Protein chains: 2
Amino acid sequence: MQFAIVLYDRFTALDAVGPYETLGRLPDSETVFVAERTGPVRNDNGNLALIADRTLDEVPNPDVLIVPGGPGQTAQMDNKALLDWIRTADGTSAWTTSVCTGSLLLAAAGLLEGRRATSHWLALDELRRLGAEPTGERVVTDGKYVTAAGVSSGIDMGLALLGRISGDVVAQAVQLGIEYDPQPPYDAGSPQKAPADVVGLLRSMSRFILGTEPTT
Amino acid sequence: MQFAIVLYDRFTALDAVGPYETLGRLPDSETVFVAERTGPVRNDNGNLALIADRTLDEVPNPDVLIVPGGPGQTAQMDNKALLDWIRTADGTSAWTTSVCTGSLLLAAAGLLEGRRATSHWLALDELRRLGAEPTGERVVTDGKYVTAAGVSSGIDMGLALLGRISGDVVAQAVQLGIEYDPQPPYDAGSPQKAPADVVGLLRSMSRFILGTEPTT
């Protein structure tokens, strides 16, 4: 089974690495980081670079397509080469997935029309504008489309999808291997749980977080 | 404030990226990936490479030192250049930290003698042999030394340390920004919680996970 994780300028690193460290640990599978060009791809902060080992053209038919988000997603919304590749890969994929604002790229490629899906909580309105039906869930599965909420949710998505692909024991083994027994020191991981002033602070920064102007 | 994240051959990606996506989002800070040589550093699976932008020598005095783990840690235990750098950096650091088996490198550098610390659950015996006092906690703080358990625990460590450095509001804002509201689909993230057969499976694979023979 081949997993392809798409990279583009100003992606968010954990969006890519969360699914990587879960799905990518499936025995007898291949995971490849792909981008329009091979070589280093810089993230949203500019101080982290992951290597794309293959071009999009070299990986036309992955079994599982993983599209991370990040502020750089905005600039990709009219990138015909990337959107065409997403559509082509989706044509033969077993699963088409995204983390965070990666779902906006799936939607821009026309894949989420009328489908239940999710994204970073600051991007749910935009996801609706693009034709999907946003939900408040952390991981949303609609047919073969699996979308995850913001950034860190890709770990939960990866484990859930691994369970679907390979069964509970493999997924539990990976969870135990990466010792994913989360104990956040705060309970501020969603806008429903975080203090109002923290939510307001994030909303005021949403253009930087999403790479665009606020959507409300 | 400067954060230095150390890379070495066959590190585990999430060990590095968890602290990166939390501590690295502190405003007005600098995060730099360092290694003996600049350029791509391959992870444990070999299909992910992060770029080291600076050599160890170029970053002698980070405020916060972050040492990830991974199977490649074993080969670094007698790497004098790396251990010397860790000791030197620790001489002026405000915080010296590790994720997963990164704590074995801190111990090998002589920094955890008699200190409470933690590591990947499969490596706790080895940590004790190296002079530390392992605990079962996910994040352990002893003075300026902050060690985290396996792989994914670096996210919890990063948020906890961010709270110490910059206060609760900043840490909560980062948690909300990365939407860290974990909802694992299984409750198998620690050997106390996982099914016995899954724990047994991981123990049987420990030489591959740790890059060494089983420690028991």
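In table form, for the structure just shown:
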| quantity | calculated |
| --- | --- |
| Antiparallel bridge percentage (DSSP; both residues within the protein assembly as shown; nearest 5) | 30 percent |
| For region A:82-129: rounded, prolate or oblate by the Cα gyration tensor [a/c cutoff 1.5] | prolate |
| Pairs of Cα atoms farther than 21 Å apart, region A:2-182, % | 42 percent |
| Rounded Å value of the spacing that divides the Cα centres of region A:1-33 and region A:49-123 | 12 Å |
| Other protein chain Cβ atoms within 10 Å, averaged over every residue that makes up A:190-203 | 4 |
| Choice from A:Pro182, A:Pro27, A:Pro195 with maximal GNM fluctuation in chain A (Cα, 10 Å cutoff) | A:Pro182 |
| Share antiparallel - DSSP beta bridges, chain B, percent rounded to 5 | 30 percent |
| Assigned charges on the beta-carbon of Lys, Arg, Asp, Glu; chain A dipole about Cα centre (debye) | 360 debye |
| Per residue Cα convex hull volume in Å³ - calculated over region B:149-216 | 125 Å³ |
| Exam field: B:Asp28 pseudo-label spacings to other copies (7 Å along Cα-Cβ), nanometres | 5.6 |
| Inter-chain Cβ neighbour average for residues A:43-54, partner chain, 10 Å | 5 |
| Orientation-averaged projected area, Cα convex hull of the protein assembly as shown (nm²) | 18.0 nm² |
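A short reminder: the numbers here are calculations on the coordinates, not readings from a lab. On a predicted model such as this, the values are computed, not experimentally measured, just so you know. We place every Cβ from the backbone using ideal geometry, glycine too, and count neighbours over all the protein chains shown.
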